[in-house]
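For reference, the structure is listed below as structure tokens.
The values are calculated or read from the model by the stated rules, or taken from the named source; none is laboratory data. Remember, it's a predicted structure, so these values are computed and weren't measured experimentally. Cβ sites come from the backbone with ideal geometry, for glycine too, and all protein chains shown count toward neighbours. Heads up: the accessible areas ignore ligands, DNA and RNA and are worked out on the full protein's heavy atoms, side chains in. Shrake-Rupley method; radii C 1.70, N 1.55, O 1.52, S 1.80 Å.
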Amino acid sequence: MSTKLFARAFVIAALSAVPLPAFAQDAATASYKQSMEKMNAEMQKGMDPDPTKAWVKMMIAHHQGAIDMNKVVLKETKDPKIRKMAEKATGEQEKEIKQLQAWLTRHGG
């Protein structure tokens, strides 16, 4: 067998040994990274001379980041306990976002 043919066979065998969940894991990792980058950017935008308003704005972004990460895990996991926790957390975060937005509206956000 030639060296090139052997090398190609080795690469094909190696790629065949990679389990499919690794590809899903890479997609989840990319989605987590994207949601965290978005959250961090939005939190930076929340900076305000008023420390209370800054906290409220940054918490809205932080909670939205948590919701985005929950969506990733709900798409990827089959673990019933984690699914239940992510679903519960999403509802709680959405409720708090509405409360924070209402406070911000009342206080000239």
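Miscellaneous remarks
- The C-beta contact set for the stretch 30-41 (first residue among the aliphatic types (A, V, I, L, M), second residue open to solvent by less than 100 Å² (accessible area, probe 1.4 Å), distance under 6 angstrom, 6+ apart or interchain) comprises Met39/Ala61; Met39/Gly65.
- Test: residue in the stretch 29-36 that is of a type outside the set (S, T, N, Q), surrounded by 14 or more Cβ atoms within 10 Å (Cβ to Cβ) and touching a Leu at 6+ places or on another chain (Cβ under 7 Å): no
- Taking the stretch 83-103 as the range and being under 17 Å from the mean Cα position of the chain (by Cα), without any contact (Cβ under 8 Å) to a residue 12 or more places away in the chain and either under 12 Å from Ala66 (Cβ atoms) or open to solvent by less than 60 Å² (accessible area, probe 1.4 Å) (or both) as the test, the residues that pass are Met85, Lys88, Gly91, Glu92.
- Residues in the stretch 59-82 that are open to solvent by less than 50 Å² (accessible area, probe 1.4 Å) and of a type outside the set (Val, Ile, Thr) were compared, and the one that is nearest to the chain's Cα centre (by Cα) is Asp68.
- Residue check, Gly108 surrounded by fewer than 18 Cβ atoms within 10 Å (Cβ to Cβ) and on the phi > 0 side of the Ramachandran plot: yes
- Whether a residue is in a helix (DSSP H, G or I), over 18 Å from Glu94 (Cα atoms) and modelled with pLDDT under 95 was assessed, and Ser35 does not pass this test.
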